[in-house]
């Protein structure tokens, strides 16, 4: 039971929050979930980290996250490696065997043409995975070549292809990528332009920095889908969504 | 028993150190206290985080902190919400029921006139709580409207009203607020002016960044009261206070 | 057993990685090692932190790290304090008693002439400790007075004196020190100049920031010796070394 029930505060927000696991130990996850397990529903094992530790720990962590109804997936980097090596079937088999129940389709570090991309989204859906796809390039130079209109088109194309959620790349740093400038400030025109031309319930913004979370919540809505949240900052984000921190108190 | 007893180093410092708990799990706190439980005496559950997890965990964490003689309180945000909703009695009852033994009186996100403020400090004292009050506005624009003389007056007024400790707002970021500029550097003139015109044992400076801790220790004294310390940095701060780190070694 | 075995990725890298322990609890270390214990081989208890907690915890942590073949040592600050107080024998006895099996010889905060320095390296070796020595001054002003040629000479002199590994100071911040400018960017000319004129297998670069790790790996080699790695970033660094993260994928 929660405390301070006499306060009229903003209730639970119906939204998607994706947390980044950079290689947490099992017991650390267990302890963290007792506090923040109800405040996120998507968990990404960052980039290729899940190759590097014992598969029994991965299986156990997946089960633990699922017990809180949190979907788990491994970062797009492994997917891209498998695709580049023509091992997509092996990839889907492996993540199934390890107990992941979601997939990220991305081309942040490699190139995948649009037909192939649609095919892969389809395949992932047919296999029963919750399917996320990501828009953006890890390389800032390449990423900056996208126009806002191109980003909008890519998002809508992915959704037509069957993607359950399209992620706007923000990286772990939140700097010099997508809607963020080199200081991590939000480019407001790009943000609102994308927001107004895509279905908001299917777009998730990576927003690792607190100032980004605040600005997205205040500019768009407190139920905006957010991702790449640090595992220590989950409850903090929830306080922002519910007006329980100075930055958003009285402004929602 | 501690190691390296043959070294002539600076002994324990008689001071106040306030740590920020952003929503730590019980077992994380337990493990952290075995190492750093002797190096702080005040614990703040950040802003509204303590609304968001099970009250049994809050009660257990409060007991655990108290077993190390650490006073606990919930961030001023909840107090401000309760005050705004005319539910101050409910608030004091609730924190008592949950096992907090200190209170923060603040108006960082709302407005409370000075009579009411004095009244609230009084009430908190009468109820037996260790009472902290905070000077500063969460909004940088509003905060910058205070002159240094106004800050000095507010501090002394709170102390006259019975406040056990007055906190100088530094936020979690330590930037663009109070005595810190937008890069987190200390505004030295403001700092020394406040220090010289207030009772140093009753003023606690929020100083989340290491450079701020170093500068406050070297400019004022190694027993300066410091707060908003990250729970991973408690021992690090103690090494600064005792000349056991390059930044202060030989300079105290 | 690791997962994703069907992928042709870069295998384990034969290198040295030094992690910074700023005062971790025993259970936190235990949990962290289940995930990342195979990806580092040197552990530094930062500066004077190990004075400040119970010696039984230090002994237990040393045993735990050693069970993963990780060598442990205490930051140079304690060594410098002992040397300044003419208590070097006591120092070596004490670290032996506490179960450290490596030593850092440094003069970052004090001055030690070159004969004495060589003597101390020698003594440490004779006593059977794995011996690291560090080049650089904690004070940015003093540190900037070294020319690159002087740094090269100091490194080679230490190696001739018997040092097993020479550390290039980067501090916890990675800013305004050694090969890093005040924003933490790598000074490439200084870096390559030092690299080309010293034995690469005996030089370890403190590189606390991710951009520094990426740049050192891409500029020098993926087996470059790196240190001051945050205990939460060990697996992340290993993904960089093995091309499992966007920053280095396809570039090694």
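The values are calculated or read from the model by the stated rules, or taken from the named source; none is laboratory data. Predicted, not measured: the structure shown is a model, and the values here were computed from it. In this analysis, Cβ positions are derived from the backbone assuming ideal geometry, glycine residues included, and neighbour counts consider all displayed protein chains.
Within region B:126-140, restricting attention to residues that are out of contact with any helix residue (DSSP H, G or I) (no Cβ under 6 Å at 6 or more places or on another chain) and closer than 27 Å to residue B:172 by Cα, the residue that is surrounded by the most Cβ atoms within 10 Å (Cβ to Cβ) is B:132.
Checking the structure you have, find out if any residue of region B:3-18 is under 17 Å from residue A:36 (Cβ atoms) and buried (at least 21 other Cβ atoms within 10 Å of the Cβ). Steps first, please.
Let us first name the residues in region B:3-18 that are under 17 Å from residue A:36 (Cβ atoms), namely none.
No, every residue in region B:3-18 fails to be under 17 Å from residue A:36 (Cβ atoms) and buried (at least 21 other Cβ atoms within 10 Å of the Cβ).
Answer yes or no: is there a residue in region A:112-122 that is farther than 23 Å from residue A:20 by Cα and touching a strand residue (DSSP E or B) at 6+ places or on another chain (Cβ under 6 Å). Yes, region A:112-122 contains a residue that is farther than 23 Å from residue A:20 by Cα and touching a strand residue (DSSP E or B) at 6+ places or on another chain (Cβ under 6 Å).
Residues are listed down the side, and each one gets a yes or a no for (1) within 14 Å of chain B (Cβ to nearest Cβ); (2) under 23 Å from residue C:210 (Cα atoms); (3) touching a helix residue (DSSP H, G or I) at 6+ places or on another chain (Cβ under 9 Å):
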| residue | (1), (2), (3) |
| --- | --- |
| C:4 | no, no, yes |
| C:21 | yes, yes, yes |
| C:26 | yes, no, yes |
| C:29 | yes, yes, yes |
| C:34 | no, yes, yes |
| C:46 | yes, yes, yes |
| C:55 | yes, no, yes |
| C:73 | yes, no, yes |
| C:87 | yes, no, yes |
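Does residue A:196 meet the test of being within 13 Å of chain B (Cβ to nearest Cβ) and over 23 Å from residue A:108 (Cα atoms)? Even if it seems obvious, please write down each step before you answer.
Values: within 13 Å of chain B (Cβ to nearest Cβ): no; over 23 Å from residue A:108 (Cα atoms): yes.
It is false that residue A:196 is within 13 Å of chain B (Cβ to nearest Cβ) and over 23 Å from residue A:108 (Cα atoms).
Could you tell me whether any residue of region C:181-190 is in contact (Cβ under 8 Å) with a residue 24 or more places away in the chain and either within 11 Å of chain A (Cβ to nearest Cβ) or under 17 Å from the mean Cα position of the chain (by Cα) (or both)? Within region C:181-190 (the criterion being in contact (Cβ under 8 Å) with a residue 24 or more places away in the chain and either within 11 Å of chain A (Cβ to nearest Cβ) or under 17 Å from the mean Cα position of the chain (by Cα) (or both)), the answer is no, since none of the residues qualifies. Just one of the numbered conditions (1) surrounded by fewer than 22 Cβ atoms within 10 Å (Cβ to Cβ); (2) more than 11 Å from chain B (Cβ to nearest Cβ); (3) at negative phi is not true of residue C:110: (2).
Considering (1) more than 14 Å from chain B (Cβ to nearest Cβ); (2) under 29 Å from residue A:24 (Cβ atoms); (3) touching a strand residue (DSSP E or B) at 6+ places or on another chain (Cβ under 6 Å), the lone condition that residue A:154 does not fulfil carries the number (2). Of the set (1) within 14 Å of chain B (Cβ to nearest Cβ); (2) in a loop (DSSP other than H, G, I, E, B); (3) surrounded by 18 or more Cβ atoms within 10 Å (Cβ to Cβ), all apply to residue A:229 but (2). Report whether or not residue C:77 is within 16 Å of the chain's Cα centre (by Cα), at the interface with chain B (Cβ under 7 Å from one of its Cβ atoms) and buried (at least 20 other Cβ atoms within 10 Å of the Cβ). When the stated conditions are applied, residue C:77 passes them. Does residue A:145 fit the bill of being modelled with pLDDT under 95, over 29 Å from residue C:35 (Cα atoms) and more than 14 Å from chain C (Cβ to nearest Cβ)? Yes, satisfied. Checking residue B:178 against (1) without any contact (Cβ under 8 Å) to a residue 24 or more places away in the chain; (2) within 14 Å of chain A (Cβ to nearest Cβ); (3) more than 15 Å from residue A:246 (Cα to Cα), which single condition isn't satisfied? Result: residue B:178 passes all but (1).
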